[in-house]
Amino acid sequence: NAGVTQTPKFQVLKTGQSMTLQCAQDMNHEYMSWYRQDPGMGLRLIHYSVGAGITDQGEVPNGYNVSRSTTEDFPLRLLSAAPSQTSVYFCASSRYRGAGANVLTFGAGSRLTVL
Amino acid sequence: KQEVTQIPAALSVPEGENLVLNCSFTDSAIYNLQWFRQDPGKGLTSLLLIQSSQREQTSGRLNASLDKSSGRSTLYIAASQPGDSATYLCADSDSWGKLQFGAGTQVVVTP
């Protein structure tokens with residue numbers, strides 16, 4: 001089925017470790033983004049991209065890196081994990097222009113715990 | 001900075017009653033406003049998107065209105081069913097597609 005695929009679904013890290021959350025979409029969407037969801041705070045934008053080779057920061061970018069080498073993939077890297085990064089991470093994509101623009105399709109989420 | 005607020009944080013209604021969910025935003029210069037549904041442990045599903053030039057959107061039992069002058073959007077769900085139990089989130093978008101989310105309203109529809 002077409003959609004947004006996130007891996008892994010669950011991950012436990014120790015403080016200081018690094019890891020990459022993977023996100024792939026097969027809908028040829030230009031726009032891809034990463035959000036984190038914390039209890040009582042809704043979703044907050046970490047980084048986003050409007051096309052291959054183009055990325056920009058969102059509301060809470062510190063401690064995270066992204067790159068967009070292909071239209072399909074948008075990995076999120078945690079450089080040195082901290083307990084404050086314990087959260088549920090969602091990747092989302094959409095068309096950027098034309099019919100259906102800005103209607104986001106979300107992945108199922110990746111639950112990260114940092115000890 | 002845009003702030004999006006959803007009140008109440010939770011509500012419970014008996015089956016068959018109409019649901020009214022509120023969303024308020026501080027900056028009326030929005031590009032569009034979206035409503036999402038989130039089931040426990042799952043991602044978000046887009047329900048309705050209202051462009052800034054529109055006043056409302058409808059899909060089946062769902063109707064969303066937008067009043068930019070008062071900074072409010074309302075999601076109506078007619079004749080609620082237990083399957084409507086979920087968390088509903090609203091989000092406004094700028095022209096770059098960046099969304100600012102409210103914290104959501106958790107809805108329980110009791111049989």
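Structural remarks
- Evaluation of B:Trp35 against (1) modelled with pLDDT of 90 or more; (2) touching an Asp or Glu at 6+ places or on another chain (Cβ under 9 Å) (one fails), failing number: (2)
- Between A:Leu78, A:Leu45, A:Leu21, A:Leu104, the distinction of being open to solvent by less than 30 Å² (accessible area, probe 1.4 Å), closer than 20 Å to B:Lys42 by Cβ, touching a strand residue (DSSP E or B) at 6+ places or on another chain (Cβ under 6 Å) and more than 13 Å from chain B (Cβ to nearest Cβ) belongs to A:Leu21 only.
- Filtered by the rule that a residue be of a type in the set (Lys, Arg) and away from chain A (no Cβ under 14 Å), segment B:52-99 gives B:Arg55, B:Arg61, B:Lys68, B:Arg72.
- Residue check, B:Glu3 in contact (Cβ under 8 Å) with a residue 40 or more places away in the chain, open to solvent by 80 Å² or more (accessible area, probe 1.4 Å) and not small (Gly, Ala, Ser): yes
- B:Pro40 closer than 19 Å to A:Met41 by Cα and over 15 Å from the mean Cα position of the chain (by Cα): yes
- Verdict on A:Gly40 being buried (at least 16 other Cβ atoms within 10 Å of the Cβ) and at the interface with another protein chain (Cβ under 9 Å from one of its Cβ atoms): no
- Tally, over segment B:1-22, of residues that are within 11 Å of chain A (Cβ to nearest Cβ) and either in contact with a Cys (Cβ under 9 Å, 6 or more places away or on another chain) or closer than 21 Å to A:Leu45 by Cβ (or both): 6
- Every listed requirement among (1) free of Cβ contacts under 8 Å to residues at least 60 places away in the same chain; (2) closer than 27 Å to A:Val88 by Cβ; (3) polar (S, T, N, Q) is met by B:Gln100 save one, (1).
- Within segment B:61-111, tally of residues that are at positive phi, surrounded by fewer than 20 Cβ atoms within 10 Å (Cβ to Cβ) and at pLDDT below 95: 1
- Within segment A:86-101, being crowded, with 20+ Cβ neighbours inside 10 Å, at pLDDT 95 or above and among the polar types (S, T, N, Q) holds for one residue alone: A:Ser87.
The values are calculated or read from the model by the stated rules, or taken from the named source; none is laboratory data. Since the model is a prediction, treat every value here as computed from it, not as a measurement. Quick reminder, even Gly has a Cβ in these numbers, built from the backbone with ideal geometry, and neighbours come from all protein chains shown. Keep in mind that these areas ignore ligands, DNA and RNA; they rest on the heavy atoms of the full protein, side chains included. Shrake-Rupley method; radii C 1.70, N 1.55, O 1.52, S 1.80 Å.
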